[in-house]
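Step one of this worksheet: look at the structure below.
The values are calculated or read from the model by the stated rules, or taken from the named source; none is laboratory data. All of these numbers come straight from a predicted model, not from anything done at the bench. Cβ atoms come from the backbone with ideal geometry, glycine included; neighbour counts cover every protein chain shown. In case anyone asks, the SASA skips ligands and DNA or RNA and just uses the protein heavy atoms, side chains included. Shrake-Rupley method; radii C 1.70, N 1.55, O 1.52, S 1.80 Å.
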Amino acid sequence: MNLSSVQHKLKKWLSFNFAANTNWAATLFHSPKLKYFNRPSTQPPVTMADQHSMNLKPSNRFLGKRTIFYDDEEEQTLTLNRCTVGSNSSSSNQFTSSQSYSYKRHTKWKSRKLESSNTQDFRNWSYSADCDPYDIRDKIILVSYNILAVENASKHPHLYLKVPFKYVKWEHRRAAIRKELAQYGPSILCFQAIDCYSDLHDALQQDGFEGVLKARTGDARDGCAIFWNYKRFKLLHEESIEFQSFGLRDNVAQFCVLKMNDDRLNPDSKMSKPRCLVVGNIHVLFNPNRGDIKLGQIRLFLEKAHRLSEEWGGIPVVLGGDFNSVPQSAMYQYISSAKLDVLQQDRKRISGQIEKPLCHSFLTKGTFRQKRLTYTWTDEELKLATGSEEVTCLQHSLNLRSAYLGVPGTVTTRDNLGEPLVTSFHSKFMGTVDYIWHSDQLVPVRVLETLPRNALEKMGGLPSKIWGSDHLALVCEFAFAKNEA
């Protein structure tokens, strides 16, 4: 019999026969935790729950020699779990159940933390093979970002059940968004779902930005906002669209005509002629069933972008936004190909949100989910979508390209069309609905890759400690085409 077993048996014997002298026994064996096994009958026993309330860390031997580290987040979890257990359970059982969950959660968090250093906290730049970034002047970096309205997050908590509450709070997200944007060195920012404009404006103004807001009509408090670096650009013109005036819901879109300032302190940045461009920003209706309204909003958005470009001398156009449609949808086809036969589309599946492709990897370029059938549209639906009951084929005059298609990516972040696999992720959706479109007077130099799908799945959802929204920002650096020099 070894010494440890002898000590164990002696402790057990003392605990039953010398309860009054337990403190002496604890001192003898240098085990302060021993005094919690037995106390005089006049004092209630100190349970694990009591230890937690007194901020005492349990000994390893109480937990099967598992080392557990409690931080503030874990302590809050224990408290919340203990309150949600039924009243017929004992306090000891409540704490035991909560603690086992906390340990499991901590283990999962620890493994995520180790993995995040490689895949979840960093996004890589991909460069165009056709452009030498060191041989191009007058470059601009544009960011399109749905930053998740505070009101939307509070009204739909079921979308963020797997996200710690502190990461959904605006105070955390605002700091995370500002820190993220600073890493990109942006020139122009297109925000969607922004309802704390003054708050964000004050922060971005300190970083050298000026901006304009277009709030949604109706009861909603959020809207769209365009910011620009006021040292690099000057605002020449501003316009907006209230789709409500066309019977197309309370969504809005906005446009800014910006002129690039000539930095005369830097000879390499001198321009042969003033650089101007139209910047458009839109947040399309979410409702997947109302493809007619979605098409109507996109139609008006593209028409105004083209008109502004022509009015200012055929200047380049760049459009950012949350288009609430997937890359394999008829909506995407309309923007990229400039035409769409409406009667060959099912109104409820135009955006592709309801019936998504089975897997991105099975798609080939140019394939779409909609079947080639003739669907019945009412006169009212046709008028909302095309502007007239007599028109069944939509067309627009812009030659638009998706910025991410112009720069090759990797299979971990792109689908077979070349678009990001995921730009939005919460408990009800994982896919791509955000885009940056541009006319051919602008050339993508590089784009910021989104996060790999498997890395996002391990996170459980967005926002997170690093990323301040349930969408990922799209970032593209553009250069003016040579024929624009």
Pairs only if they're at least six apart or on different chains, beta carbon under 8 angstrom, first in segment 372-398 and at pLDDT 95 or above and of a type in the set (Lys, Arg), second assigned to a loop (DSSP other than H, G, I, E, B) and surrounded by 11 or more Cβ atoms within 10 Å (Cβ to Cβ); list them, first residue then second. Lys383/Glu389
Filter segment 99-149 for residues that are more than 22 Å from Thr413 (Cβ to Cβ) and at pLDDT 70 or above; which is surrounded by the most Cβ atoms within 10 Å (Cβ to Cβ)? Ile140
Go through segment 179-244 and tell me which strands (runs of 3 or more DSSP E), entirely inside it, have 1 or more residues that are open to solvent by 60 Å² or more (accessible area, probe 1.4 Å) and touching a helix residue (DSSP H, G or I) at 6+ places or on another chain (Cβ under 9 Å). 209-215
Could you please let me know if Ala473 is in contact with a strand residue (DSSP E or B) (Cβ under 6 Å, 6 or more places away or on another chain) and in contact (Cβ under 8 Å) with a residue 60 or more places away in the chain? yes
Conditions (1) over 24 Å from the mean Cα position of the chain (by Cα); (2) over 21 Å from Ala193 (Cα atoms) -> Ile335 fails only (1)
For segment 426-458, which residues satisfy the criterion of being part of a loop (DSSP other than H, G, I, E, B), surrounded by fewer than 20 Cβ atoms within 10 Å (Cβ to Cβ) and of a type in the set (Asp, Glu)? Asp440
Would you mind telling me which numbered condition in (1) over 21 Å from Phe478 (Cα atoms); (2) open to solvent by less than 70 Å² (accessible area, probe 1.4 Å); (3) assigned to a loop (DSSP other than H, G, I, E, B) Gly418 fails? (1)
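Every residue in segment 150-165 that is part of a helix (DSSP H, G or I) and loosely packed, with under 14 Cβ neighbours inside 10 Å, please. Break it down stepwise before answering.
First, the residues of segment 150-165 that are part of a helix (DSSP H, G or I): 150-155, 157-160, 165.
Ser154, Lys155, Pro157, His158, Phe165 - these are the residues of segment 150-165 that are part of a helix (DSSP H, G or I) and loosely packed, with under 14 Cβ neighbours inside 10 Å.
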Out of all the residues in segment 157-180, which are more than 13 Å from the chain's Cα centre (by Cα) and closer than 26 Å to Gln254 by Cα? Trp170, Ala175, Arg178, Lys179
Which listed residue is at pLDDT below 95 and open to solvent by 30 Å² or more (accessible area, probe 1.4 Å), from Arg249, Arg264, Arg290: Arg264
Please work out which residue is farthest from Arg401 (Cα to Cα), limiting yourself to segment 301-313 and to residues that are of a type outside the set (Ser, Thr, Tyr) and in contact (Cβ under 8 Å) with a residue 60 or more places away in the chain. Trp312
Of everything in segment 166-178, what is open to solvent by 90 Å² or more (accessible area, probe 1.4 Å), assigned to a helix (DSSP H, G or I) and farther than 12 Å from Ala203 by Cβ? Give them in sequence order. Lys166
Does any residue of segment 222-244 turn out to be in contact (Cβ under 8 Å) with a residue 60 or more places away in the chain and of a type in the set (Val, Ile, Thr)? yes
